[in-house]
Amino acid sequence: MSDGGFSDDEKHALACVLDEIIPGSADGGLPGAGALDLADHLDAALRSMPELRAMLVQSLGALAAMAQQRHARAIPALSVEERTALLAELAASEHSVPPILALHTFTGYYKHPRVLEALGCEPRPPHPQGYEMEANDLTLLDPVRRRGKMYREC
């Protein structure tokens with residue numbers, strides 16, 4: 001792992017892992033998480049947790065080694081069934097993928113423009129265009145305002 005993010009081999013292995021976490025829909029309407037190139041998103045998310053990032057890199061390395069030992073091929077060249085079996089074996093080992101990866105995968109996936117469009121949403125943040133909101137009834141705060149302060153000055 002370098003300071004520049006995941007290596008190409010790690011990105012390929014990561015894409016296969018992500019497709020196991022969120023596979024593409026059968027009708028092709030929603031892509032799998034591995035097809036969205038979420039490596040940069042995950043790298044940024046895990047930079048604040050260097051121990052977890054190091055665990056993920058170690059897991060990806062162990063997965064690549066297992067693929068070579070069992071099938072004499074790289075992870076992307078394996079069938080879906082072979083990858084699934086390797087990931088199940090990896091999950092039962094000391095090199096299992098950190099569970100936090102799933103949370104960050106979901107976050108990156110559901111804010112990706114392709115996914116938002118497939119779900120019928122506009123691929124944009126809610127602001128500055130924003131969404132329509134009903135006006136607030138600020139008179140509901142009147143009892144709180146009349147109550148006066150409930151703290152002491154320091």
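The values are calculated or read from the model by the stated rules, or taken from the named source; none is laboratory data. As the structure is a computational prediction, the values presented were derived from the model and not from experiment. Cβ atoms come from the backbone with ideal geometry, glycine included; neighbour counts cover every protein chain shown.
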Filter result (buried (at least 18 other Cβ atoms within 10 Å of the Cβ) and not in a loop (DSSP other than H, G, I, E, B)) within the range 22-44: 33, 34, 36, 39, 42, 43
Test: residue in the range 77-93 that is within 25 Å of residue 26 (Cβ to Cβ), surrounded by 11 or more Cβ atoms within 10 Å (Cβ to Cβ), at pLDDT 95 or above and β-branched (Val, Ile, Thr): no
Breaking point among (1) charged (D, E, K, R); (2) under 30 Å from residue 113 (Cβ atoms); (3) surrounded by fewer than 17 Cβ atoms within 10 Å (Cβ to Cβ), for residue 53: (3)
Of residues in the range 97-136 being among the hydroxyl-bearing types (Ser, Thr, Tyr) and in contact (Cβ under 8 Å) with a residue 60 or more places away in the chain, the one nearest to residue 10 (Cα to Cα): 105
Output for the range 113-129, where each listed residue is part of a loop (DSSP other than H, G, I, E, B) and in contact with a Pro (Cβ under 8 Å, 6 or more places away or on another chain): 123
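If we scan the range 45-57, do we find a residue that is in a loop (DSSP other than H, G, I, E, B) and not small (Gly, Ala, Ser)?
Going through the range 45-57, the residues in a loop (DSSP other than H, G, I, E, B) turn out to be 48-49.
Cutting the leftovers down to not small (Gly, Ala, Ser) gives us 49.
There is at least one residue in the range 45-57 that is in a loop (DSSP other than H, G, I, E, B) and not small (Gly, Ala, Ser).
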Residues being of a type outside the set (D, E, K, R) and surrounded by fewer than 16 Cβ atoms within 10 Å (Cβ to Cβ) - total across the range 64-76: 6
Residue among 45, 54, 74 that is touching a Gly at 6+ places or on another chain (Cβ under 9 Å), touching a residue at least 24 places away in the same chain (Cβ under 8 Å) and among the small types (Gly, Ala, Ser): 45
Test: residue 14 is surrounded by 15 or more Cβ atoms within 10 Å (Cβ to Cβ) and either touching a Phe, Trp or Tyr at 6+ places or on another chain (Cβ under 8 Å) or without any contact (Cβ under 8 Å) to a residue 24 or more places away in the chain (or both): yes
Residue match in the range 2-14 (condition: closer than 15 Å to residue 91 by Cβ and in a helix (DSSP H, G or I)): yes
Qualifying position, being at pLDDT 90 or above and out of contact with any Lys or Arg (no Cβ under 9 Å at 6 or more places or on another chain), among 131, 109: 109
Number of the condition not met by residue 95 [criteria: (1) part of a loop (DSSP other than H, G, I, E, B); (2) over 23 Å from residue 50 (Cα atoms); (3) not aromatic (Phe, Trp, Tyr)]: (2)
